[in-house]
There are 2 protein chains.
Amino acid sequence: MTEIWQDGSVGLVETQTARLFTAEDPLVLANGSRLGPVDVAYETYGTLAPDASNVVYLCHALTGDAHAAGWHPGDRRPGWWDNLIGPGRPLDTDRFFVVSANLLGGCRGTTGPGSIDPATGEAYGMDFPLLDVADFVTVHRALLAHLGLSRVLAVLGGSLGGMQVLQWSLSHPQDMTHAIIVAASSRLTAQNIAFSAVARRAITDDPHFHEGRYAAAGTSPDVGLSIARMMAHITYLSEDALTAKFGRAPQDEESTRGFGIDFAVESYLDHQGQAFLERFDALSYLYLSRVMDYFDPFARPDALVHVAADPVRYLLLSFDTDWRFSTAHTLRMLHHLEGAGLPVTFRELSSPYGHDSFLLEDAVYHATLRAFLDRALEEAR
Amino acid sequence: MTEIWQDGSVGLVETQTARLFTAEDPLVLANGSRLGPVDVAYETYGTLAPDASNVVYLCHALTGDAHAAGWHPGDRRPGWWDNLIGPGRPLDTDRFFVVSANLLGGCRGTTGPGSIDPATGEAYGMDFPLLDVADFVTVHRALLAHLGLSRVLAVLGGSLGGMQVLQWSLSHPQDMTHAIIVAASSRLTAQNIAFSAVARRAITDDPHFHEGRYAAAGTSPDVGLSIARMMAHITYLSEDALTAKFGRAPQDEESTRGFGIDFAVESYLDHQGQAFLERFDALSYLYLSRVMDYFDPFARPDALVHVAADPVRYLLLSFDTDWRFSTAHTLRMLHHLEGAGLPVTFRELSSPYGHDSFLLEDAVYHATLRAFLDRALEEAR
């Protein structure tokens with residue numbers, strides 16, 4: 001497999017796990033509840049500079065994980081943001097040291113609702129505490145401390161990842177000099193919430209959900225989770241992208257009409273729904289999507305007090321065909337941040353691929369990220 | 001309840017049923033298969049003119065039924081298009097004679113997949129034949145013949161209803177002088193198909209679906225059908241309408257965060273999903289939605305031959321915030337019809353309510369329908 005990563009990939013990588021909180025020294029959540037132990041799965045790419053001036057911290061989206069770049073042994077495809085991260089790539093691992101961690105509440109190595117509750121010896125299920133974007137930030141900060149780092153050059157994330165970047169920059173601006181927020185939102189709309197609500201209902205109404213105790217019952221709400229994923233995928237792509245990709249093409253010229261997979265777009269959705277079951281947990285989907293519904297940091301009157309006193313340089317990016325988090329969401333963030341006198345670079349990028357664009361390789365998008373990161377590094381030296 | 005319909009309602013109405021095809025004289029479908037008996041539930045409003053010149057035939061949408069106007073005893077709300085139909089209303093029952101029938105494949109009195117198959121004594125289930133919009137037209141024409149009518153002043157429908165109007169006008173233009181097509185499409189996009197595909201998967205993957213034999217099993221795929229309906233409702237409203245109607249309002253100021261109905265928009269969706277179960281059947285949802293996916297009348301090279309020889313006057317309406325069947329869908333129909341030299345009036349109406357607008361009372365919309373219908377009636381006399 002070596003040749004695959006000859007050109008630009010960081011190559012073979014390994015996920016590490018750190019116990020950041022214990023039962024005795026638990027994580028205190030925004031709602032006051034306590035959680036311990038908390039383990040966090042993370043990866044790093046590149047080499048830390050002697051003065052630690054080259055750290056970029058990644059925050060992943062709803063269904064991401066720590067494996068952002070490079071290859072695990074046996075991988076059929078590299079990490080989810082591999083096109084961005086590697087030697088010579090915009091997040092150039094010859095110069096930057098990148099940290100990527102699985103979110104609290106996730107299911108890919110970090111403690112979440114599917115983890116064992118030491119109090120019962122069984123999975124937390126719905127007894128897992130409700131989370132807040134601020135809790136993700138608390139855990140990210142603990143990981144940085146664990147790595148001996150106190151301040152990073154940039155925090156970067158798309159979608160829910162961008163929401164974490166925003167929250168972190170507002171509550172602890174001293175942790176970073178730059179913040180990059182891509183295709184994100186500071187406040188979901190009714191339509192955003194509606195899509196997530198129906199996805200969650202598909203999961204919780206699945207008879208195999210067992211009120212969240214499905215692991216103990218030896219089953220899982222696969223139907224509900226795959227329906228949730230299929231629906232979400234419709235919203236991740238623009239209507240034009242779906243048309244360009246599939247149109248009304250039949251899946252198989254010889255197929256007969258029926259209620260199966262007649263159209264190519266149905267095959268695509270089916271594949272997305274089924275593949276998701278292999279890597280994601282329904283409880284994490286519930287917990288992480290609900291966090292997004294409640295996120296509304298600018299509703300606090302003092303939201304901008306900290307960052308105004310310790311300014312962060314922002315890069316805000318949106319995509320013109322993204323109808324899940326349209327440019328209007330980014331403009332709202334821009335309005336608040338500029339209103340507090342903060343330095344913000346905003347750019348609406350043109351891309352046919354809708355919300356998914358933030359994960360894809362686009363020349364202007366990548367050049368914009370590269371220029372911002374290069375300048376940040378230059379100023380830090 | 002009398003006072004409710006003093007102003008403009010047609011008052012108490014009754015659904016009638018006609019056996020239009022029998023086992024001996026079956027309905028021959030577009031795909032060649034035969035179906036009998038076929039019963040059709042229908043209602044009429046107003047009085048037929050002695051010269052039968054005042055007939056308007058309604059075609060309903062995916063989840064509509066024959067009960068378009070007036071009140072059934074015990075109704076909490078009138079028929080689904082009551083705001084349009086009644087004395088003094090645009091479809092003025094003092095002057096027009098309106099016919100409204102439940103679709104073939106439906107579940108509200110007309111033969112459908114939930115009806116008893118005389119060959120087995122059990123519900124057809126998935127043994128019901130696949131349908132085509134042309135089959136709806138065949139049954140509509142049989143109902144007209146049953147009523148002693150051969151030619152109508154206008155055929156009118158929105159969404160799937162408009163698709164029937166289009167098909168009917170193309171294949172049997174001699175049946176009508178006018179055709180009114182509202183918020184419809186001649187060809188679904190990949191995104192349209194995708195939403196319907198996920199809705200159908202929610203139904204067919206529901207463990208209570210039993211491959212369509214759920215009635216015999218004494219159950220029904222309620223979870224799947226309600227998920228399908230909730231998802232569809234998101235697409236029926238514009239994002240702005242959802243924001244204006246619900247925004248981020250909590251359902252209950254005292255509710256605690258969790259995975260239930262926290263936001264008002266969640267309560268709305270829940271209500272839509274649950275109420276739907278009382279009046280609709282999952283098999284009808286599968287069959288009727290699949291018909292829409294395959295509809296593509298202009299794909300036939302001879303599509304416009306009949307209507308070009310016997311021109312129909314068209315009124316095509318779309319709504320500017322409808323993202324299920326956007327104005328682009330209507331423009332495609334306009335392009336084809338005008339290309340054949342047919343007289344078409346097209347209007348994009350402004351309404352904040354998205355696809356749902358075609359069911360709502362809007363002054364400009366209703367005035368447009370009224371003017372077109374009045375002129376049609378005038379010319380017929």
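The values are calculated or read from the model by the stated rules, or taken from the named source; none is laboratory data. Since the structure is predicted, the reported quantities are computational estimates derived from the model, not experimental observations. Note that we place each Cβ from the backbone using ideal geometry, even for glycine, and neighbour counts take in every protein chain shown.
Below are the figures for this structure:
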{"quantity": "Single match in B:119, B:101, B:123, B:68 (criterion: touching a Lys or Arg at 6+ places or on another chain (Cβ under 8 Å) and among the hydrophobic types (A, V, I, L, M, F, W, C))", "calculated": "B:123"}
{"quantity": "Criterion: among the basic types (Lys, Arg) and either within 14 Å of chain A (Cβ to nearest Cβ) or touching a Gly at 6+ places or on another chain (Cβ under 6 Å) (or both) - qualifying residue of B:300, B:324", "calculated": "B:324"}
{"quantity": "Residue identified as crowded, with 24+ Cβ neighbours inside 10 Å and either assigned by TED's automatic domain parsing to the domain that holds residue A:175 or under 24 Å from residue A:292 (Cβ atoms) (or both) among A:38, A:28, A:56", "calculated": "A:56"}
{"quantity": "Verdict on residue A:153 being out of contact with any Gly (no Cβ under 9 Å at 6 or more places or on another chain) and surrounded by fewer than 24 Cβ atoms within 10 Å (Cβ to Cβ)", "calculated": "yes"}
{"quantity": "Residue match in the stretch A:355-367 (condition: touching a Gly at 6+ places or on another chain (Cβ under 8 Å) and not in a strand (DSSP E or B))", "calculated": "yes"}
{"quantity": "Flag if residue A:264 is surrounded by fewer than 14 Cβ atoms within 10 Å (Cβ to Cβ), in contact with a Phe, Trp or Tyr (Cβ under 9 Å, 6 or more places away or on another chain) and not acidic (Asp, Glu)", "calculated": "no"}
{"quantity": "Given (1) more than 9 Å from chain A (Cβ to nearest Cβ); (2) more than 16 Å from residue A:191 (Cα to Cα); (3) free of Cβ contacts under 8 Å to residues at least 24 places away in the same chain, index of the condition residue B:251 fails", "calculated": "(2)"}
{"quantity": "Matching residues in the stretch A:129-154 - criterion: being of a type outside the set (A, V, I, L, M) and not in a loop (DSSP other than H, G, I, E, B)", "calculated": "A:135, A:136, A:138, A:140, A:141, A:146"}
{"quantity": "Meets criteria (within 11 Å of chain A (Cβ to nearest Cβ) and either among the polar types (S, T, N, Q) or closer than 20 Å to residue B:161 by Cα (or both)) for residue B:286", "calculated": "yes"}
{"quantity": "Residues of the stretch B:333-381 classified as more than 18 Å from residue B:178 (Cβ to Cβ), free of Cβ contacts under 8 Å to residues at least 40 places away in the same chain and surrounded by 17 or more Cβ atoms within 10 Å (Cβ to Cβ), total", "calculated": "3"}
{"quantity": "Odd one out for residue A:186 among (1) of a type outside the set (A, V, I, L, M, F, W, C); (2) within 16 Å of the chain's Cα centre (by Cα); (3) not assigned by TED's automatic domain parsing to the domain that holds residue A:372", "calculated": "(3)"}
{"quantity": "Candidate set: the stretch B:93-123, residues that are free of Cβ contacts under 8 Å to residues at least 60 places away in the same chain and over 22 Å from residue B:217 (Cβ atoms); chosen: the one surrounded by the fewest Cβ atoms within 10 Å (Cβ to Cβ)", "calculated": "B:94"}
{"quantity": "Cross-chain or 6+ apart pairs with Cβ under 8 Å, the stretch A:191-211 first and more than 8 Å from chain B (Cβ to nearest Cβ) and more than 16 Å from residue B:202 (Cβ to Cβ), then part of a loop (DSSP other than H, G, I, E, B) and β-branched (Val, Ile, Thr)", "calculated": "A:210/A:219"}
{"quantity": "Test: residue in the stretch A:256-275 that is of a type in the set (S, T, N, Q), in contact with a Gly (Cβ under 8 Å, 6 or more places away or on another chain) and outside the structural domain of residue A:116 (by TED's automatic domain parsing)", "calculated": "no"}
{"quantity": "Considering residues of the stretch B:236-248 that are under 26 Å from the mean Cα position of the chain (by Cα) and within 10 Å of chain A (Cβ to nearest Cβ) only, the residue nearest to residue B:321 (Cα to Cα)", "calculated": "B:238"}
{"quantity": "Condition check for residue A:169: buried (at least 22 other Cβ atoms within 10 Å of the Cβ), in the same structural domain as residue A:48 (by TED's automatic domain parsing), assigned to a helix (DSSP H, G or I) and among the hydroxyl-bearing types (Ser, Thr, Tyr)", "calculated": "yes"}
{"quantity": "Subset tally (residues that are outside any loop (DSSP other than H, G, I, E, B), more than 28 Å from residue A:274 (Cα to Cα) and touching a Leu at 6+ places or on another chain (Cβ under 7 Å)) for the stretch B:172-207", "calculated": "5"}
{"quantity": "Selected residue (criterion: farthest from residue A:76 (Cα to Cα)) from residues of the stretch A:254-281 that are more than 8 Å from chain B (Cβ to nearest Cβ) and without any contact (Cβ under 8 Å) to a residue 12 or more places away in the chain", "calculated": "A:256"}
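For every residue, the table says whether it meets (1) over 20 Å from residue B:200 (Cα atoms); (2) of a type in the set (A, V, I, L, M, F, W, C).
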site: B:289; (1), (2): no, no
site: B:340; (1), (2): yes, yes
site: B:354; (1), (2): yes, no
site: B:364; (1), (2): yes, yes
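Yes or no, residue by residue, for (1) farther than 29 Å from residue B:296 by Cβ; (2) among the basic types (Lys, Arg):
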site	(1), (2)
B:95	yes, yes
B:101	no, no
B:106	no, no
B:115	no, no
B:118	yes, no
B:121	yes, no
B:126	no, no
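Yes/no per residue for (1) within 29 Å of residue B:369 (Cα to Cα); (2) buried (at least 23 other Cβ atoms within 10 Å of the Cβ); (3) not charged (D, E, K, R):
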residue: B:245; (1), (2), (3): yes, no, no
residue: B:257; (1), (2), (3): no, no, no
residue: B:268; (1), (2), (3): no, no, yes
residue: B:274; (1), (2), (3): no, no, yes
residue: B:287; (1), (2), (3): no, yes, yes
residue: B:301; (1), (2), (3): no, no, yes
residue: B:305; (1), (2), (3): yes, no, yes
residue: B:319; (1), (2), (3): yes, yes, yes
residue: B:322; (1), (2), (3): yes, yes, no
